Amino acid sequence: MTTAPAARAARSTRKAIVRPADRVFAASTIIAGSVILAALAAVALFLIAESIPALVADPADLPRSPDSFLAYVWPLIFGTVWAAALALLMALPVSLGIALFISHYAPRRIAQVLGYIIDLLAAVPSVVFGLWGIKVLAPAVLPLYSWLVDNLGFLPFFTAPVSGTGRTILTVAIVLAVMILPIITAISREVFLQTPVLYEEAALALGATRWEMIQMAVLPFGRPGVISAAMLGLGRALGETMVVAMVLSPAIVVSFVLTGSANPLTIAGNIALSFPEAFGVGVNALIATGLVLFVITLAVNSVARYVVNRRKAFSGAN
């Protein structure tokens, strides 16, 4: 007669039945993940290989004949980070407010309509945003820029003279903020909706108001998701090309002035504007700036992942 321990040992040694569909699915996921890694590696290798001639070339052969490649790319790095940071600074508070309104304040029908509008806004092509920035936004903000320079000209951000066209780095940042707003809003909204109802009801049962409940339960739970959404929006702003090329009145400068006519150019905008006329080492120099943008984006995403992993244990999102 077989004892109970022996029977359990026999069952544990019995191999699990693996169905063909399970094998196909497992192989498909492995192939899909490998394709992503291979594509990323191929892009990185292409950028590195094409950038080497510019990195080792005589600085006199580079566009604008700088003292070194770093002197050539530094104003572009500044413009890229500056425009993206301004856009994120404007878009993040508005996005969180819209996401909270949709998830916890708006009636169901209004929330559905707003959610649809936000998703539709994300599908608008960047060239349309560029046309809107040139024809509508730039002329509309000219009186505001004049007022800022007249009344806040003592600040380094609004020193005179004011731009006569409105095509400034601040205008570009506003357009970029509108572009990344639906990305941050959509992700934050879904994260806030995933907050356990038990957390919310416990806070309300303790006498908290709806806003206090959001502070105690919703925002801590959704912090990793909000950080991820912000970094996705920042990545979109860092790599945006058409809006910068169409709206900005560029100059290769490092300047914090938001309303002037001399505005720092971004890496993506410089590539779009300069590539048609580039040749020889100039093409390699543009590709090398693309490699710098690739590294910046990778660094931003890595920092975001580190922050999310640190905060995840304290948010309830794990």
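The values are calculated or read from the model by the stated rules, or taken from the named source; none is laboratory data. Quick caveat, the model's predicted, so the values are computed rather than measured. Cβ: placed from backbone, ideal geometry, glycine included. Neighbour counts: every protein chain shown.
Can you pull out the residues in the stretch 92-141 that are of a type in the set (Phe, Trp, Tyr) and within 30 Å of ARG223 (Cα to Cα)?
Within the stretch 92-141, PHE101, TYR105, TYR116, PHE129 qualify.
Could you tell me whether LEU137 is assigned to a helix (DSSP H, G or I), surrounded by 17 or more Cβ atoms within 10 Å (Cβ to Cβ), in contact (Cβ under 8 Å) with a residue 12 or more places away in the chain and among the hydrophobic types (A, V, I, L, M, F, W, C)?
Yes, satisfied.
Quick one: would you say SER103 is hydroxyl-bearing (Ser, Thr, Tyr), modelled with pLDDT under 85 and more than 24 Å from GLY239 (Cα to Cα)?
Judged against the criteria, SER103 is not a match.
Whether any residue in the stretch 92-102 is within 26 Å of SER255 (Cα to Cα) and part of a helix (DSSP H, G or I) is what I want to check.
There is at least one residue in the stretch 92-102 that is within 26 Å of SER255 (Cα to Cα) and part of a helix (DSSP H, G or I).
Here are some residues: LEU170, LEU131, LEU142, LEU121. Which one is free of Cβ contacts under 8 Å to residues at least 40 places away in the same chain and assigned to a helix (DSSP H, G or I)?
Just one listed residue meets the conditions, LEU142.
Please state which one of ALA304, ALA317 is of a type outside the set (Ser, Thr, Tyr), modelled with pLDDT under 80, part of a loop (DSSP other than H, G, I, E, B) and closer than 26 Å to GLY222 by Cβ.
When all the criteria are applied, what remains is ALA317.
Does any residue of the stretch 175-192 turn out to be of a type in the set (S, T, N, Q) and touching a residue at least 12 places away in the same chain (Cβ under 8 Å)?
Yes, that holds for at least one residue.
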